[in-house]
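Contents: one structure, followed by commentary.
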Amino acid sequence: MLTMHGAIYLTLKTDDAVEERARRAAKIAALATIVLFAAAGAWIAWGIDGYVIKSAIDPNGPSNPLTKTVLRQSGQWMANYRAHDWTIAAPVLGLAGPLAALLLTLACLRGLAFIASAIGIFGVVATAGVSMFPFLMPSNIAPATSLTVWDASSSKLTLFVMLLATLIFLPIVLIYTSIVFRALRGMITASYVEKNSASLY
């Protein structure tokens, strides 16, 4: 998945032989992403037992991973998709993104391929989150000690402090990120490397 994304980005930044090699790598990686993601989904659905919480959960209670009862059940990793139809959008994007990236790479539409690849990454990562929710770190040894979102959450005071920190620092991060992307804009061609050989490396 990340090889696909990186290779497509490289097609945006280079030309000639390097771009062609990156395009070939992107096509292979996109196809591998589609096949492996679909195979992993089938394995998760039918080959690996999921986890389900059988005891009552108090989202506002103290963070204690030892106060719940957890059982392993076949097909349980797919339960969120059955309970909430809209969640199927995550695996659909996880498959459609790389497929679109592959087709757009074949059509030499590099910018659209990069966007499609990013959508595919979002879909794959979201699929993992949707499938596992509310579990973050399931335990095979002692399922009851599995870490859930409620076990891992901070207090309301801590979350409020982090909100304030985010409001202060996120704009700074966005500013320096935009500066970096502005500095890195444009293609890196052989002639550009020759002209700037003393300063590039």
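We did not get these values from a lab; they are worked out from the coordinates using the rules stated. Predicted model only: the values in this text are computed from it and were never measured. Note that we place each Cβ from the backbone using ideal geometry, even for glycine, and neighbour counts take in every protein chain shown.
Summary of computed values
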item	result
Degrees separating the helix 110-132 axis from the principal Cα axis of the chain, which is the longest one	10
Cα-centred dipole magnitude for the range 2-153, charges only on beta-carbon of K, R (+1) and D, E (-1), debye, nearest 20	160
The range 1-84: Cα Rg divided by the 2.2 N^0.38 Å rule of thumb	1.77
Directionally averaged projected area (convex hull, Cα atoms, the range 154-201), nm²	5.2
Residue exposure sequence - H84, H5 - by fewest surrounding Cβ within 10 Å	H84, H5
Between the range 144-201 and the range 9-50, the Cα center-to-center distance that results, in Å	24
Note, ³J(HN,Hα) from phi for the range 158-171, Karplus 6.51, -1.76, 1.60, rounded to Hz, x at Gly and Pro	4, 5, 5, 4, 5, 4, 4, 4, 5, 4, 7, 8, 4, x
Normalised per residue, the volume of the convex hull around the Cα set of the range 104-201 (Å³)	215
Projected-area average for the chain over all orientations - Cα convex hull basis, square nanometres	15.3
Under 5 Å, built H, 5+ apart or other chain: amide partners of V70	K54, A144
Footprinting exposure proxy for Y176, Y192, Y81 (fewest neighbouring C-beta atoms within 10 Å first)	Y176, Y192, Y81
Relative exposure of S63, S191, judged by other C-beta atoms within 10 Å (fewest first)	S191, S63
Placed amide H near I188: partners under 5 Å, 5+ positions off or other chain	T14
